[in-house]
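Take a look at the structure set out below.
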Amino acid sequence: MAENRLALQAKRVWFAYSHDQWVLKGVSLEVPRGAFVAVMGPSGSGKTTFMKVLAGFLRPQRGEVEVLGSPLEKRLPRWFRQQVGYIPQQLGLVRSLTALENVLLGCLARQKGVGPLLGIFPAEEVARAREYLALLGIEHKAEERVFRLSGGERQRVAIARTLLQGPSVFLADEFVADLDLPRASRVLEGLRELGSRENLTFVINLHEIQLVQMFADYVITLKEGAIVHQGPAREMSWKVLEEKLR
Ligand code: ADP
């Protein structure tokens, strides 16, 4: 992995699901390490698609993506899945397992032996999993099975699982959508705190402008697959957003 001050770089990325129906139209973005970037834009503007391209799940037909200084090739290197944590909208949790067990799935890649297959994890991983659940305010739900949890609680379990993976880049698609403003603020506050301690980079789709102003450093706005606005998050407002989306 090359040393680079950028965590992510998208260079004129074009993507279509089907022939010539471009969903991303020449999107370029540079994200320095340690930055928190919010992605805004109306439904259907290409936010999820862009996130999946950055996460290496979709390959752009044109342009290039570099993650931690390395261009993304067709075959993703082993380090990639550990270093880049991605939370999809569907979360990908195992409903029949408890919150804690789901979080522990985040450390599977670095475990050896049959212990994890039998549900036995090293004590330090369990302690860290509990620490992340506490950071996100759901330590009291650790032993609850996921199917019993609310949408917002599930979202926080998915975040904790991704944190336990130990990524340096954290990508998430609308992951606080099911939380009310105070809870979403608490989660983002926890993430920012952890992020500055561990130099994490965040790229997150956010709807709520207040959260963008409070927690992001930088914001980009997508419209019909192109960036129509980018700038410091504190300068974002409904007025700016409305103007750019007109
Ligand atoms: P957003 O996240 O901003 O709502 P998306 O990236 O989900 O936008 O979608 C952008 C466009 O791509 C939409 O027109 C959507 O219908 C289309 N699209 C998304 N996923 C697929 C898919 N798997 N196959 C075909 N078209 C898709």
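Below is a table of values for the structure above.
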item	result
Matching entry among 76, 72, 97 (being without any contact (Cβ under 8 Å) to a residue 40 or more places away in the chain, out of contact with any strand residue (DSSP E or B) (no Cβ under 6 Å at 6 or more places or on another chain) and of a type in the set (A, V, I, L, M, F, W, C))	76
Single condition residue 203 does not satisfy, out of (1) closer than 26 Å to residue 15 by Cα; (2) touching a Cys at 6+ places or on another chain (Cβ under 7 Å)	(2)
Per-region count, the range 71-95, residues modelled with pLDDT of 90 or more, surrounded by fewer than 15 Cβ atoms within 10 Å (Cβ to Cβ) and outside any loop (DSSP other than H, G, I, E, B)	1
Identity of the residue in the range 129-167, closer than 12 Å to residue 104 by Cβ and part of a loop (DSSP other than H, G, I, E, B), that ends up nearest to the chain's Cα centre (by Cα)	165
Test: residue 103 is under 17 Å from the mean Cα position of the chain (by Cα) and closer than 16 Å to residue 7 by Cα	no
Scope the range 203-239; condition outside any strand (DSSP E or B), crowded, with 16+ Cβ neighbours inside 10 Å and of a type in the set (A, V, I, L, M, F, W, C); matching residues	206, 209, 211, 212, 214, 215, 216, 233, 236
Answer from 64, 73, 30 - the residue that is more than 21 Å from residue 221 (Cα to Cα) and of a type in the set (Asp, Glu)	73
Subset of the range 159-177 [within 16 Å of the ligand (Cβ to nearest atom) and either of a type in the set (Ser, Thr, Tyr) or farther than 22 Å from residue 7 by Cα (or both)]	176, 177
Per-region count, the range 204-241, residues closer than 16 Å to residue 28 by Cβ and hydrophobic (A, V, I, L, M, F, W, C)	6
Residue, farthest from residue 203 (Cα to Cα), within the range 10-50, restricted to residues that are assigned to a loop (DSSP other than H, G, I, E, B) and of a type in the set (D, E, K, R)	20
Residue ID - farthest from residue 245 (Cα to Cα), chosen from residues in the range 8-50 that are within 11 Å of the ligand (Cβ to nearest atom), of a type in the set (A, V, I, L, M, F, W, C) and under 15 Å from the mean Cα position of the chain (by Cα)	50
Residue tally, condition near the ligand (Cβ under 10 Å from one of its atoms) and in a loop (DSSP other than H, G, I, E, B), over the range 51-66	1
Selected residue (only one of 179, 200, 222 is of a type outside the set (Gly, Ala, Ser) and within 14 Å of the chain's Cα centre (by Cα))	200
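The values are calculated or read from the model by the stated rules, or taken from the named source; none is laboratory data. Computed from a prediction, not measured in an experiment: that's the story for all the values here. All Cβ positions, glycine included, derive from the backbone under ideal geometry; neighbour counts span all protein chains shown.
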